[in-house]
């Protein structure tokens, strides 16, 4: 998987003449993600990694390349714009996002590792899309709050331990995640400019704030019920 990803990164970089830095950053990011997953395998409930997690790994590879291009502001290569290709990768990753969970349930290989792996890949994708929206002038710096929401929640868990309690599965949470990715992809399209892009981004921010708010309130109430 990793070797195939490296070959794909190199091919894209060569095709669009972005230079070697983007594939290198993408490769380092991907190996960091895989390293975290390998460390978490000790707590994996099943003897097999599973096809669902393999699909999530493919998504991680796609997101890593997108992240590398965004972080280095190499969305425009010498041989043309890389952005349309990156958006296609994001859309494919979004489609696969619906497939991995379905496969996990169908094969009976649902696990906390798979859930967390899927969630963190989604979070990284949304963060990078938010950053791309900001860099392209589609919205102000506040758009980064969409991508930072998940990481803010993780940091808040240090200060507020009750936020570490497990959350029940939620279709609302998954749907709003898909909406975030879709909205951010939409505003990256060249024909979408402020104030339309700003309105779409603001709506996405309100939705994700609502979603996290619902979860925080649920966890707060659960803490008092168990007290």
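Among the residues of region 142-181, those identified as closer than 20 Å to residue 98 by Cβ and in a helix (DSSP H, G or I) are 150, 171, 172, 173, 174, 175, 176, 177, 178, 179, 180, 181. Restricting the first member to region 16-28 and to residues that are at negative phi and free of Cβ contacts under 8 Å to residues at least 12 places away in the same chain, and the second to residues that are surrounded by 20 or more Cβ atoms within 10 Å (Cβ to Cβ) and not in a loop (DSSP other than H, G, I, E, B), the beta-carbon pairs closer than 7 Å and six or more apart or on different chains are 20/13.
Being touching a helix residue (DSSP H, G or I) at 6+ places or on another chain (Cβ under 8 Å) and in a helix (DSSP H, G or I) is the filter here; which residues of region 5-20 pass it? If the condition is that a residue be touching a helix residue (DSSP H, G or I) at 6+ places or on another chain (Cβ under 8 Å) and in a helix (DSSP H, G or I), then 5, 6, 8, 9, 10, 12, 13, 16 are the ones that fit.
Within region 206-226, does at least one residue satisfy the condition of being outside any helix (DSSP H, G or I) and without any contact (Cβ under 8 Å) to a residue 12 or more places away in the chain? There is no residue in region 206-226 that is outside any helix (DSSP H, G or I) and without any contact (Cβ under 8 Å) to a residue 12 or more places away in the chain.
Would you point out which residue out of 139, 69 is surrounded by 23 or more Cβ atoms within 10 Å (Cβ to Cβ), outside any helix (DSSP H, G or I) and at negative phi? Give the steps one after another, and end with the answer.
Details: 69 fails: outside any helix (DSSP H, G or I).
Result: 139 is the single residue among 139, 69 that is surrounded by 23 or more Cβ atoms within 10 Å (Cβ to Cβ), outside any helix (DSSP H, G or I) and at negative phi.
Please go through (1) touching a helix residue (DSSP H, G or I) at 6+ places or on another chain (Cβ under 6 Å); (2) surrounded by 12 or more Cβ atoms within 10 Å (Cβ to Cβ); (3) farther than 24 Å from residue 133 by Cβ for residue 200 and return the number of the only condition it doesn't satisfy. Answer for residue 200: the failing condition is (3). For region 175-197, a tally of residues being closer than 19 Å to residue 115 by Cβ and buried (at least 17 other Cβ atoms within 10 Å of the Cβ) returns 4. Scanning region 9-48 for residues that are within 12 Å of residue 61 (Cβ to Cβ) and modelled with pLDDT under 80 yields a count of 2.
For (1) within 20 Å of residue 33 (Cβ to Cβ); (2) modelled with pLDDT of 95 or more; (3) in contact with a helix residue (DSSP H, G or I) (Cβ under 7 Å, 6 or more places away or on another chain), each residue gets a yes or a no:
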site: 115; (1), (2), (3): yes, no, no
site: 118; (1), (2), (3): yes, no, yes
site: 132; (1), (2), (3): yes, no, yes
site: 145; (1), (2), (3): no, yes, yes
site: 168; (1), (2), (3): no, no, no
site: 174; (1), (2), (3): no, no, no
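Every condition in (1) surrounded by fewer than 15 Cβ atoms within 10 Å (Cβ to Cβ); (2) modelled with pLDDT under 90; (3) in a helix (DSSP H, G or I) is met by residue 94 except one, and the failing one is (1).
The values are calculated or read from the model by the stated rules, or taken from the named source; none is laboratory data. In this text, all values refer to a predicted model and were calculated from it rather than measured experimentally. Neighbour counts run over all protein chains shown; Cβ positions are idealised from the backbone, glycine included.
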